[in-house]
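Notes follow once the structure below has been shown.
The values are calculated or read from the model by the stated rules, or taken from the named source; none is laboratory data. Since the model is a prediction, treat every value here as computed from it, not as a measurement. Neighbour counts run over all protein chains shown; Cβ positions are idealised from the backbone, glycine included. Note: accessible area is taken over every heavy atom of the protein model, side chains too, but ligands, DNA and RNA are not part of it. Shrake-Rupley method; radii C 1.70, N 1.55, O 1.52, S 1.80 Å.
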Amino acid sequence: MRSKIITLVILLANLLFTACEEDALFIEVSGLESSELTASQSDIVLEKDSAAVVALTLTWSKSALNISDTSMAIPETIPLMLLEISDSEDFAEVSELSATDYAKSFTYIELNTIATNMGFEPWVATPLYFRIKAKLGNNTDPVYSNVIAVNVTTYTIDMSVGFILDVDQLETGVTLYSPNSDGEYAGFVGATSWYNYYLLEGDGTIWGNYAADGYEFVMDNSANSAEIWNFWFPGLNGCYYTTHSTNSKTWSATLISSLSITGDVNAEMTFLRPEVTWQASFTTTTANATFSVNGISALYNTDTGTDDAAAIAGTVSFAPDGSSGVLYNETGTFTVPGDAGEYTLRIDLSDPKAWTYEITSGAVVIEDPISNYLYIPGIDDGITGGDWTFDNYLTLISEDDSTFAGVVNVNSQWGYNMGLEVDNWTDVYKMTSGDAASGNLGFQTGENIPAPDPGLYLINADLKNLTYSTTPVENVYYTGLNDDWALTPMEQTETPGVFIAEIAINTVSEWGMQIFLDDQWVNKFGGENGQLVFNSATNITDDQFIPAGNYTLIADLTNNSYFITGDEIYVAGLNDVWDFSSTILTMTEPGIYSGEVTISSDTPWGYYFLLYPDNWDAYIAGSEDALVFGGENIEADWYATTGTYTMTVDLINRTCTVE
């Protein structure tokens, strides 16, 4: 039965009104009822691999409070609302969370941590109880909602591994190791200049730097403070041995600037940063030659900050452990297993649980790997408010020639650089001579490349011949559709770099379609599967599987993507229904689709948008903030709550909004 508090008498002073205290004026607040609590799931098997996915959403009703003097407002702090969680139905012991938002979602790792802290046995389904506690004041009796029981199957929490997260708190694949699972983590990281990150523990705690200037290398966590800053390495690229102590709340970074092989052979080792591996080739003159590995280091900690001049100079060493492992800062000699000749030593530090080495026959020539992207930080700092980011890039055109190209929305205040790696501010290309239109590049030398006036440009870069050029993009055309090779103009949308055209597919084109950036038949895009490729030999041939009819062609030149869409798109996967008829969005304007969607049951696999009737291969997915052709199923929190929503898909800006 729902309980109800009929009337509560509160002194005016308690409502923060003081003017009439001497008149003993009283205000009556009434109407607080017990909430109706609902849960999105009743049985949950938690999975470690889905740690960041929403596992459970609770929602509860809101009371309509009344106040006797309608000229006065009820304070926002009334009623006091708490979500109580317990491992027993009588709530003998509870954990409390704020319940002012009338909805609460728990990720897999959050729910696992709560249940584990309550003593749940891993891999056994055990009920976890929830209820809402509400009251009008600290000295008033509470009312409680109905109790919800959710059977939760937990997994074992591994506190031996710390996960390096990026600035968006997403996993990077890099880990640190705590052999005793005691909050003392260590490992090697191949860091770029000023590389920043967070540290995630197995229980879901996220650590970062203490959020105040002057506290470099002091740790804090998200549970302890409302704000934490990311950790950041010093300004020198290279191999860092880093330690993080959740007990002393400090961390350190030891830069290993060089490693040398000395003994029967002598050689300098090279650090392969993406692989977190040191490598050197050498020639021995005797069988079973022996050598040692030593290096030069610089320690950064709470005493030094990130000041290179203050870093504590030192030495490091590596030694074999008797098998294939290596020991850090231990002494010992390596033995070459063979006759005189050429050999290569690799010391792999990527796995913090097992640092290894191998000595193989033959020399290895180390070549700098080419990236698929050439990043151009600074190209849009007039848009970002002065921030330089790695969000804009050119795409690799020829690996043999080391050429890159791309269409970019330019708005630069101070010029820009070019680099092959995100967050690497040191290994960049700059201008040695030239101007905004074209010039010569230098690696780690020169000045910022001057930018042209704000606008849309095609930028070409040749890293073999060290040149660059910019060409304004003013008119865009498509050609080849229906075997019509006239250049048909496309319309520029309000989003820079996105062009649209209304097209009719009447017959399959023998050669496919192309998109040109000029009327000189020089700079063009081809591509397939929603991906544009500059100067591609493969033309767009979607008309081979799209039914004849009228469509909208959307070409996003800055993101190298395209869509060809009709009057409708079809939502598949909501309520675990996979068809072309349950949920249909209709075009409200070119590239924009909208309609109502109703959530009535679970959506366990996410959803996506099908483009053409009875065609399961052409779909748009990814995320609601970045839709892509053929991406992973879209996952979101909103469909955990039943109800009817308005969904709008904007293919001009590649977003989906739900209200």
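Of the residues that sit in segment 310-329 and are over 17 Å from residue 240 (Cα atoms) and either among the charged types (D, E, K, R) or open to solvent by 70 Å² or more (accessible area, probe 1.4 Å) (or both), which one is farthest from the chain's Cα centre (by Cα)? Spell out the reasoning first.
Of the residues in segment 310-329, the ones over 17 Å from residue 240 (Cα atoms) are 319-325.
Imposing the further condition that a residue be either among the charged types (D, E, K, R) or open to solvent by 70 Å² or more (accessible area, probe 1.4 Å) (or both) reduces the set to 321-323.
Working: 321: 38, 322: 40, 323: 38 Å.
This residue is 322.
Hey, could you check segment 273-297 for residues that are touching a Gly at 6+ places or on another chain (Cβ under 9 Å) and touching a residue at least 60 places away in the same chain (Cβ under 8 Å) and say which is nearest to residue 350 (Cα to Cα)?
In this case the residue turns out to be 276.
Looking at segment 133-162 only, could you name the residues that are assigned to a strand (DSSP E or B) and either more than 27 Å from residue 58 (Cβ to Cβ) or of a type in the set (S, T, N, Q) (or both)?
Residues satisfying the conditions are 151, 153, 161, 162.
Please work out which one of (1) in a loop (DSSP other than H, G, I, E, B); (2) touching a Lys or Arg at 6+ places or on another chain (Cβ under 9 Å) is the condition residue 120 fails and give its number.
Only one criterion is unmet by residue 120, namely (2).
Just checking, does segment 162-171 include any residue being out of contact with any strand residue (DSSP E or B) (no Cβ under 8 Å at 6 or more places or on another chain), modelled with pLDDT under 95 and more than 21 Å from residue 218 (Cα to Cα)?
Taking segment 162-171 first, the residues out of contact with any strand residue (DSSP E or B) (no Cβ under 8 Å at 6 or more places or on another chain) are 168, 170.
With the extra rule that they be modelled with pLDDT under 95, the set shrinks to 168, 170.
Next, only the ones that are more than 21 Å from residue 218 (Cα to Cα) stay: 170.
Yes: one or more hits.
Please name all residue pairs, on different chains or six or more residues apart, with Cβ atoms under 8 Å, provided the first residue is in segment 352-365 and is within 27 Å of residue 175 (Cβ to Cβ) and the second residue is of a type in the set (Asp, Glu) and modelled with pLDDT of 95 or more.
Going by the 8 Å Cβ cut-off, the qualifying pairs are 355/348; 356/348; 357/348; 358/348.
Across segment 553-594, what is the total count of residues that are without any contact (Cβ under 8 Å) to a residue 60 or more places away in the chain, buried (at least 21 other Cβ atoms within 10 Å of the Cβ) and either at positive phi or basic (Lys, Arg) (or both)?
The number of residues fulfilling the criteria is 0.
Filter segment 598-611 down to the residues that are touching a strand residue (DSSP E or B) at 6+ places or on another chain (Cβ under 7 Å), closer than 13 Å to residue 576 by Cα and either open to solvent by 40 Å² or more (accessible area, probe 1.4 Å) or touching a residue at least 40 places away in the same chain (Cβ under 8 Å) (or both) and list them by number.
Residues satisfying the conditions are 598, 599.
Quick check on my filter: what residues within segment 195-206 are open to solvent by 10 Å² or more (accessible area, probe 1.4 Å) and either farther than 21 Å from residue 181 by Cβ or among the hydrophobic types (A, V, I, L, M, F, W, C) (or both)?
Of everything in segment 195-206, those that are open to solvent by 10 Å² or more (accessible area, probe 1.4 Å) and either farther than 21 Å from residue 181 by Cβ or among the hydrophobic types (A, V, I, L, M, F, W, C) (or both) turn out to be 195, 196, 200, 206.
Which residues, taken from segment 95-139, are over 36 Å from the mean Cα position of the chain (by Cα), surrounded by 17 or more Cβ atoms within 10 Å (Cβ to Cβ) and of a type outside the set (D, E, K, R)?
Those that are over 36 Å from the mean Cα position of the chain (by Cα), surrounded by 17 or more Cβ atoms within 10 Å (Cβ to Cβ) and of a type outside the set (D, E, K, R): 134, 136.
When only residues in segment 222-245 that are over 28 Å from residue 277 (Cβ atoms) and among the hydroxyl-bearing types (Ser, Thr, Tyr) count, which is nearest to the chain's Cα centre (by Cα)?
222
Out of everything in segment 433-443 that is open to solvent by 60 Å² or more (accessible area, probe 1.4 Å) and farther than 10 Å from residue 467 by Cα, what residue ends up being nearest to the chain's Cα centre (by Cα)? Full working, then the answer.
Within segment 433-443, the first condition is being open to solvent by 60 Å² or more (accessible area, probe 1.4 Å), and the residues that meet it are 435, 440, 443.
Keeping just the survivors that are farther than 10 Å from residue 467 by Cα gives 435, 443.
Details: 435: 36, 443: 29 Å.
Of everything passing the filter in segment 433-443, 443 is nearest to the chain's Cα centre (by Cα).
Kindly indicate the residue of segment 251-299 that is within 28 Å of the chain's Cα centre (by Cα) and open to solvent by 50 Å² or more (accessible area, probe 1.4 Å) and also modelled with the highest pLDDT among those meeting that condition.
For segment 251-299, the residue satisfying everything is 275.
Name the residue that is least open to solvent (accessible area, probe 1.4 Å), counting only residues in segment 47-62 that are hydrophobic (A, V, I, L, M, F, W, C) and assigned to a loop (DSSP other than H, G, I, E, B).
The qualifying residue least open to solvent (accessible area, probe 1.4 Å) is 51.
Quick one: residue 189 ticks every box in (1) in contact with a Phe, Trp or Tyr (Cβ under 8 Å, 6 or more places away or on another chain); (2) modelled with pLDDT of 95 or more; (3) assigned to a loop (DSSP other than H, G, I, E, B) bar one, so which box is it?
Of (1) in contact with a Phe, Trp or Tyr (Cβ under 8 Å, 6 or more places away or on another chain); (2) modelled with pLDDT of 95 or more; (3) assigned to a loop (DSSP other than H, G, I, E, B), only one is false for residue 189: (3).
From 400, 391, grab the single residue that is without any contact (Cβ under 8 Å) to a residue 40 or more places away in the chain, under 29 Å from residue 172 (Cα atoms) and in a loop (DSSP other than H, G, I, E, B).
391
Restricting attention to segment 152-188, which residues are open to solvent by less than 10 Å² (accessible area, probe 1.4 Å) and farther than 26 Å from residue 115 by Cα?
Within segment 152-188, 187, 188 qualify.
Hey, could you check segment 68-94 for residues that are under 18 Å from residue 138 (Cα atoms) and in a strand (DSSP E or B) and say which is nearest to the chain's Cα centre (by Cα)?
83
Considering (1) free of Cβ contacts under 8 Å to residues at least 40 places away in the same chain; (2) over 24 Å from residue 232 (Cα atoms), say which one residue 382 fails and leave the rest.
The one condition residue 382 does not meet is (1).
Looking at 491, 421, which one is charged (D, E, K, R) and either modelled with pLDDT under 95 or within 25 Å of residue 390 (Cβ to Cβ) (or both)?
Testing whether each residue is charged (D, E, K, R) and either modelled with pLDDT under 95 or within 25 Å of residue 390 (Cβ to Cβ) (or both) leaves just 421.
Only one of these is at pLDDT below 85, crowded, with 17+ Cβ neighbours inside 10 Å and over 30 Å from residue 169 (Cα atoms): 32, 25, 65, 37. Name it.
32
Could you list, ordered by first residue, the pairs with Cβ atoms under 7 Å in which the first is in segment 51-63 and closer than 25 Å to residue 78 by Cβ and in contact (Cβ under 8 Å) with a residue 12 or more places away in the chain and the second is among the hydroxyl-bearing types (Ser, Thr, Tyr) and open to solvent by 30 Å² or more (accessible area, probe 1.4 Å), at least 6 apart or interchain?
Final answer for the pair search is 59/38; 59/102; 59/641; 60/102; 62/102.
One residue is enough: does segment 494-510 have a residue meeting the conditions open to solvent by 60 Å² or more (accessible area, probe 1.4 Å), of a type in the set (Val, Ile, Thr) and more than 26 Å from residue 376 (Cβ to Cβ)?
Yes, there is a match, as at least one residue in segment 494-510 is open to solvent by 60 Å² or more (accessible area, probe 1.4 Å), of a type in the set (Val, Ile, Thr) and more than 26 Å from residue 376 (Cβ to Cβ).
Out of 302, 360, report the one residue that is touching an Asp or Glu at 6+ places or on another chain (Cβ under 8 Å) and either modelled with pLDDT of 95 or more or part of a strand (DSSP E or B) (or both).
The conditions single out 302.
Can you list residue pairs whose Cβ atoms sit under 6 Å apart, with the first residue in segment 138-156 being on the phi > 0 side of the Ramachandran plot and the second being surrounded by 17 or more Cβ atoms within 10 Å (Cβ to Cβ)? Count only pairs 6 or more apart in sequence or on different chains.
Close Cβ pairs satisfying both conditions: none exist.
Residue pairs, Cβ under 9 Å, 6 or more apart or interchain, first in segment 612-623 and surrounded by 11 or more Cβ atoms within 10 Å (Cβ to Cβ), second of a type in the set (Lys, Arg). List them.
What qualifies is 620/654; 622/654.
Does residue 462 satisfy the criteria of being more than 24 Å from the chain's Cα centre (by Cα), closer than 23 Å to residue 524 by Cβ and touching a residue at least 12 places away in the same chain (Cβ under 8 Å)?
Answer is yes for this residue.
Which of (1) under 23 Å from the mean Cα position of the chain (by Cα); (2) open to solvent by 40 Å² or more (accessible area, probe 1.4 Å) does residue 219 not meet, given it meets every other one?
Unmet condition: (2).
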